[in-house]
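Chemist: Starting off with a structure, shown below.
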Amino acid sequence: MRKMKENACNNKNQKKNPGFLLSAVSSNSGKTAAACGLMSAFKQEGKRVFACKCGPDYIDPMFHREVLGVDSKNLDLFFSEEDILKEGYLKHTKDADITITEGVMGFYDGMSLDSVKGSSYDVAQTLGLPVILVINARGAAMTLVATVKGIVEFRPDSNIRGILLNRVSAMLYPRLKEMLENELARIGHDEIKIVGYMPENEAFHLESRHLGLVTPQEMENLQEKVRQAGEILAKTVDLELLEKIAGEAAVWKAEVSEESEKIGSLKSLNYPVRIAVARDEAFCFYYKDNLELLESLGCEVIEFSPLHDKKLPENVKGILLGGGYPELYGKELAENQSMLESIRRALEDKIPCLAECGGFMYLHEEMEAMDKKFYHMAGVLPGRAYRTPRLNRFGYVTLIQNHSVLGCETLGEIPAHEFHYFDSENCGKAFHAAKPESMRNWECIHGTETMLAGFPHLYYYGNPKVAEAFLKECMKYHSRRGE
């Protein structure tokens with residue numbers, strides 16, 4: 001284990017930010033339902049609750065913010081150096097009474113089959129967070145002891161402090177709790193407590209589709225469902241014990257790394273630059289940190305809707321077209337001809353633009369929607385974006401550019417992430433993408449002096465040169481327009 005993690009408790013920069021990480025044996029164990037229910041329960045007690053999500057997923061943080069009204073951010077050790085992760089976590093949680101971090105996949109599942117790097121365990125260790133393990137207990141008894149023992153002892157520094165049992169009845173729970181705590185004490189793990197249970201209830205069933213949870217805008221009565229989940233967990237979970245465990249969290253700041261110094265060296269703009277950010281039902285995938293970094297450098301973020309607005313906002317000097325669900329709104333997007341024309345003209349005028357995944361699809365001549373029909377889009381990029389029966393090029397990638405983009409001959413390695421059920425006849429060739437610890441690689445992204453458009457999602461702190469280069473082009477555009 002890295003030395004900086006071993007010395008966490010003795011670090012003079014240690015800071016208390018109450019919180020814990022919720023993890024599980026595998027995906028589909030109830031982590032998301034537990035996280036949302038507990039956030040709701042603590043909010044109903046009047047606590048200032050903040051949230052985090054391990055990994056690159058956009059959907060759960062969006063869910064936390066829009067349904068629960070809980071500020072949420074991603075924690076990702078492929079995108080971030082350890083000190084950047086810590087600094088971001090401390091900044092995000094500084095006003096929280098309690099922060100609930102939702103893990104990803106199984107507790108030890110990392111970026112490859114034989115690695116814990118980037119796993120929920122890795123994040124918990126990096127941040128000094130105690131862990132609550134969610135376990136599906138339906139149809140099991142003593143085997144649960146063996147499961148917990150194996151997970152806890154697989155890494156002696158797991159810091160698992162509590163167990164939340166899922167799919168358990170009120171009648172069975174007291175006996176299960178007594179048996180588990182007695183057995184755990186017998187094998188030397190009396191520090192691990194059974195914190196409560198989640199009963200079988202419709203309030204814990206969240207709908208899903210091809211990209212995970214459905215967007216909050218579309219889920220009928222969702223806020224009421226989550227409120228009910230919170231009321232239930234307030235009765236079935238020992239919230240006071242969870243708060244006590246959360247108080248053991250000790251996030252410490254590491255020495256400033258080279259990567260942190262790179263970010264600190266970014267120069268703020270001489271005057272505000274307006275950046276148009278597409279945000280509506282069709283375009284909603286943005287890392288909170290990306291927008292905050294742009295704002296910290298002097299950008300004025302102006303949101304607009306490709307679905308509902310007639311044209312781009314006035315006097316913008318750059319455009320962000322994020323991912324989302326444009327395929328669900330193909331007809332509506334195609335019918336908004338004035339917006340398509342506004343974006344087409346702006347890009348023909350060489351306004352700087354970063355377009356990712358759904359935003360990239362929107363720039364095609366045509367896009368297939370979920371109704372299996374093709375619709376005319378902005379027509380900035382030749383070819384069609386089309387639906388495929390399975391995930392394409394799923395997971396982390398490292399990008400290396402093949403030619404000059406955004407005024408730079410070399411931006412260095414760029415960590416990115418792909419997750420899409422669509423493909424393109426024209427994915428671009430500006431970058432070479434390689435999966436970590438794999439032989440898979442391919443060409444991707446359309447890159448010019450003023451545009452990056454492709455399926456990969458970027459996290460600006462992963463390589464701040466991208467954001468810096470984009471803003472320099474925005475400044476050039478500003479100067480060229482004489483405004």
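Residue by residue, here is whether (1) among the aromatic types (Phe, Trp, Tyr); (2) open to solvent by less than 70 Å² (accessible area, probe 1.4 Å); (3) modelled with pLDDT of 95 or more holds:
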residue	(1), (2), (3)
His210	no, yes, no
Asn221	no, no, no
Leu233	no, yes, yes
Trp252	yes, yes, no
Leu269	no, yes, no
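Chemist: How about segment 93-116: which of its residues are open to solvent by less than 10 Å² (accessible area, probe 1.4 Å), under 25 Å from His417 (Cα atoms) and not polar (S, T, N, Q)?
Modeler: Ile100, Glu102, Gly103, Gly106, Phe107
Chemist: Does segment 33-58 hold any residues that are of a type in the set (S, T, N, Q) and either crowded, with 24+ Cβ neighbours inside 10 Å or without any contact (Cβ under 8 Å) to a residue 60 or more places away in the chain (or both), and which are they?
Modeler: Within segment 33-58, Ser40 is the sole residue that qualifies.
Chemist: Still on this model: Is at least one residue of segment 166-180 buried (at least 17 other Cβ atoms within 10 Å of the Cβ), within 22 Å of Asp60 (Cβ to Cβ) and in contact with a helix residue (DSSP H, G or I) (Cβ under 6 Å, 6 or more places away or on another chain)?
Modeler: No, segment 166-180 contains no residue that is buried (at least 17 other Cβ atoms within 10 Å of the Cβ), within 22 Å of Asp60 (Cβ to Cβ) and in contact with a helix residue (DSSP H, G or I) (Cβ under 6 Å, 6 or more places away or on another chain).
Chemist: Let me ask another. Pull up segment 454-483, narrow it to residues that are in a helix (DSSP H, G or I) and hydrophobic (A, V, I, L, M, F, W, C), then point me to the one that is most open to solvent (accessible area, probe 1.4 Å).
Modeler: Out of the qualifying residues, it is Met475.
Chemist: Now for a separate question. Can you find, within segment 66-80, the residue that is farthest from the chain's Cα centre (by Cα) among those that are among the charged types (D, E, K, R) and at pLDDT 90 or above?
Modeler: The residue in question is Asp71.
Chemist: Only residues that are open to solvent by 40 Å² or more (accessible area, probe 1.4 Å) and either over 28 Å from His205 (Cβ atoms) or of a type in the set (Ser, Thr, Tyr) (or both): list them for segment 117-141, please.
Modeler: The answer is Lys117, and nothing else.
Chemist: Still on this structure, please answer the following. What do you reckon, is Asp83 closer than 21 Å to Gly462 by Cβ, open to solvent by less than 30 Å² (accessible area, probe 1.4 Å) and either at pLDDT below 95 or of a type in the set (Val, Ile, Thr) (or both)?
Modeler: Here the answer is yes, as Asp83 does meet what is asked.
Chemist: Here is a further query. Look through segment 395-450, keep the residues that are out of contact with any Cys (no Cβ under 9 Å at 6 or more places or on another chain) and among the β-branched types (Val, Ile, Thr), and return whichever of them is surrounded by the fewest Cβ atoms within 10 Å (Cβ to Cβ).
Modeler: Only one residue fits best here, namely Thr410.
Chemist: Continuing with the same structure: Considering segment 96-115 alone, what residues qualify as being more than 17 Å from the chain's Cα centre (by Cα), of a type outside the set (Gly, Ala, Ser) and modelled with pLDDT under 95?
Modeler: Correct list: Leu113, Asp114.
Chemist: Also, quick follow-up: Being on the phi > 0 side of the Ramachandran plot and at pLDDT 95 or above narrows it down to one residue among Gly383, Gly395; which is it?
Modeler: It is Gly383.
Chemist: Separate question: Out of Phe304, Phe285, Phe360, which single residue is surrounded by fewer than 24 Cβ atoms within 10 Å (Cβ to Cβ), at pLDDT 95 or above and aromatic (Phe, Trp, Tyr)?
Modeler: Result: Phe304 is the single residue among Phe304, Phe285, Phe360 that is surrounded by fewer than 24 Cβ atoms within 10 Å (Cβ to Cβ), at pLDDT 95 or above and aromatic (Phe, Trp, Tyr).
The values are calculated or read from the model by the stated rules, or taken from the named source; none is laboratory data. Here the structure is a predicted model, which means the values were calculated and not measured. Note: ideal-geometry Cβ built from the backbone for every residue, glycine included; neighbour counts use all protein chains shown. Each accessible area value is taken on the protein alone, full model and side chains, heavy atoms only, with ligands, DNA and RNA left out. Shrake-Rupley method; radii C 1.70, N 1.55, O 1.52, S 1.80 Å.
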